[in-house]
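Beneath this line is the structure, given in structure tokens, with notes to follow.
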Amino acid sequence: MAAGRGVTIIPENAELTTVEAASILNVSRPFFIALLEEKVIPHRLVANIGGS
């Protein structure tokens, strides 16, 4: 903040889509998914009900 850069504050227990999380971290969705698959970031899978 002292450098004039913005910050984003989200609750520790927030549930985000992979698109939302990748955007917050400023990384691509494929890179973010790779981090999940490598178990670098704790996560839980939620069923995509009614999705394609």
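No lab work stands behind these numbers, since they all come straight from the coordinates. Owing to the predicted nature of the structure, the values given are computational and were not obtained by experimental measurement. Please note: Cβ atoms are built from the backbone with ideal geometry, for glycine as well, and neighbour counts cover all protein chains shown.
Add -39500 (n - 2.57) for each DSSP H run of 4 or more in the chain, then divide by its residues: what number comes out at 222 nm, to the nearest 500 deg cm²/dmol? Provide the component values of the computation, followed by the final result.
On the way: 2 runs with 17 residues, N = 52.
Only helices count here, giving -9000 deg cm²/dmol.
How do 27, 46 line up, fewest other C-beta atoms within 10 Å first?
46, 27
Could you line up 40, 7 from fewest to most neighbouring Cβ atoms inside 10 Å? Don't skip to the end; give the middle numbers.
Details: 40 10, 7 5.
Ascending Cβ contact count within 10 Å gives the list 7, 40.
For Rg and Dmax of the Cα atoms in Å, pick the label among (i) 10.3, 27; (ii) 14.7, 41; (iii) 13.4, 45 that corresponds to the value derived from the coordinates.
Structure-derived value, by its label: (iii).
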